[in-house]
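Derivation of every value follows stated rules applied to the coordinates shown; laboratory data play no part. Here the structure is a predicted model, which is why all the values come from computation and not from measurement. Don't worry about glycine lacking a Cβ; one is built from the backbone with ideal geometry, like all the others, and counts go over all protein chains shown.
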Amino acid sequence: MLELRTLVTAALCIACGNVVVSAGVAPEVHAALHGGAFDRPLHLAAGAGVTERAAVAADTIEAQADKCFASARGQTTSGMTECSHEAYIAYDAQLNELYQRVLHSTDAESARLIREAQRRWLAWRQAEAAASNGPWRSDRGSMSDPDIEALKIDAIRERIKELSYYAN
């Protein structure tokens, strides 16, 4: 039987191909659910298609998050949630700056299409936030808080990668 450990990790699951960021569950627990294993730990650095500027910003955010998680504050559930939320806020600022840059660097029709896509993504994000805070959480324990923050980070980082594709 696998032992659950309290940690925040990001890794690539070989079985499902997903990047898993989870607070409170060891990577091998996720992999065991799929009968697979993790290929390697991942860092919150930007992936393919992300501009160098975004990659540097992501590294900075990741470094701050790692520092927070390594501190005494980051060793408690509420501290993990706070550290994750601070990273989320930083990624949100990065997303907003990138979005403005993309809109101002493209033609009018492309900007209109990207603006519409962003509005729909924001609507999805709001709906997801509402679902994440539904009654189902009442029996999930305190670790659901950092887990939800980690999922929010996954989503915003993915959107940053998507918008980065349009950046000059």
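Data for the structure
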{"item": "Segment Q100-Q126, length gained on full extension (0.36 nm per residue, minus Cα span)", "result": "7.3 nm"}
{"item": "Zero-based 10 Å bins, Cα pair distances in segment 44-164, whole percents", "result": "13, 38, 32, 14, 3"}
{"item": "Estimated vicinal HN-Hα couplings, Hz - segment 68-76 in sequence order (Karplus 6.51, -1.76, 1.60; Gly, Pro = x)", "result": "5, 5, 7, 7, 4, 4, x, 8, 10"}
{"item": "Theoretical FRET efficiency, 1/(1+(r/R0)^6), r = Cβ-Cβ of E116 and A70, R0 30 Å, to 0.05", "result": "0.15"}
{"item": "J(HN,Hα) series, segment 108-121, from Karplus relation 6.51 cos²θ - 1.76 cosθ + 1.60, nearest Hz, glycine and proline x", "result": "4, 5, 5, 4, 4, 5, 5, 4, 5, 4, 5, 4, 5, 5"}
